[in-house]
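Asks: Here you go, one structure.
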Amino acid sequence: MSSSKVTSTPPTAVRLTRGFGYGIRASIDGFFFMCRHPSLWAYGVWPVVLNVIVAFVVWLGAFRLGQWLVEWATQGLGDGLWDRIQWWIYFTGMLLLTLGIAFIGYLVLMSVFCGFAFSKLARKVELHLGAKEEELAEVSTMAGIIDALRASLKLVVVNVLLLALHVVPGVGSLAAVSLGLYVDAFILGSEFLGFPLELRGKRWLERQEFAKTWRGATLGIGAVVTGLMLVPVVGAVFQTTAVVGAVLIHRRLTGLPIDVPTEEQLAEEQLAEEQLAEEQLAEAASKSESENPPG
């Protein structure tokens with residue numbers, strides 16, 4: 001049976017509650033796993049650096065865009081009470097619009113520039129957990145590009161439609177923000193849970209199906225990653241550890257092992273084996289000398 005298939009799918013309530021708990025803990029679980037296997041940090045530095053650069057560029061651009069939008073929307077307003085009320089209404093609307101545009105830009109750029117580094121980290125984690133190279137049949141480069149474009153297109157289209165709700169007075173912005181948080185959490189979660197599936201040759205539609213089956217885990221990890229986007233630098237670190245957490249979640253959900261010896265334990269075991277081998281050689285040499293005395 002394929003490792004990406006659940007051996008027995010639990011009831012919906014179990015999938016939502018248990019999976020959601022896994023998703024919420026993904027970044028922390030990934031962080032402690034990397035601490036137990038410190039060699040993985042060598043593959044985590046690059047995505048962190050790229051993530052910080054993308055975030056800086058996006059939020060700087062969002063600040064400039066927000067300034068322009070507020071000035072454009074509020075030009076011609078006076079100092080009267082109604083003008084001040086209008087100013088705050090326009091300011092709030094432009095702020096939400098700017099944040100929405102920035103969020104879309106950030107997600108697309110992160111997918112483009114950090115996706116490869118995240119995938120490489122996920123692969124190293126799988127190998128640490130006992131996966132064999134022949135088991136990890138990644139999709140082709142062209143297929144990966146097509147899947148990335150499909151995911152980005154879905155993200156952009158959905159968020160543009162949600163941004164359009166801001167034109168509805170009052171309830172429009174509330175609906176746009178609420179629906180946007182849910183949809184973006186699902187999209188982000190499905191992308192992160194998709195890394196271990198992509199390593200097994202699963203295409204975008206198959207990864208989406210897995211995300212729907214385990215919607216709780218998808219929303220949990222997606223909600224955490226969405227929140228981390230608002231935290232400079234530290235957020236980039238824990239987004240990277242969330243990739244490791246996503247690999248652990250996939251293995252838990254599909255029944256694959258997640259308990260492996262730490263690098264310190266492996267070193268101790270190797271040292272013990274070497275000491276045992278030396279003792280056996282010394283014992284053999286001593287026995288040989290006693291059986292064959294010189295002269």
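Throughout, read-outs are computed from the coordinates displayed, never taken from laboratory work. All values reported here derive from a predicted model rather than from experimental measurement. Because the Cβ atoms are built from the backbone with ideal geometry, glycine has one as well, and the counts that use them run over all protein chains shown.
Asks: So, in nm, how far is label ASP83 from label LEU127 when the simple model puts each one 7 Å beyond its Cα toward the Cβ?
Replies: Distance between label points: 6.6 nm.
Asks: Moving on to the next point. Given the peptides 45-53, 62-70, arrange them by the average over their residues of other C-beta atoms within 10 Å, most packed first.
Replies: Output ranking for 45-53, 62-70: 45-53, 62-70.
Asks: Order 115-121, 154-160 from most to least packed using the mean count of other Cβ atoms within 10 Å.
Replies: 115-121, 154-160
Asks: Sticking with this structure for a sec: For a Förster distance of 30 Å, can you work out the FRET efficiency between the beta-carbons of ARG252 and VAL157, rounded to the nearest 0.05?
Replies: My answer for the efficiency is 0.40.
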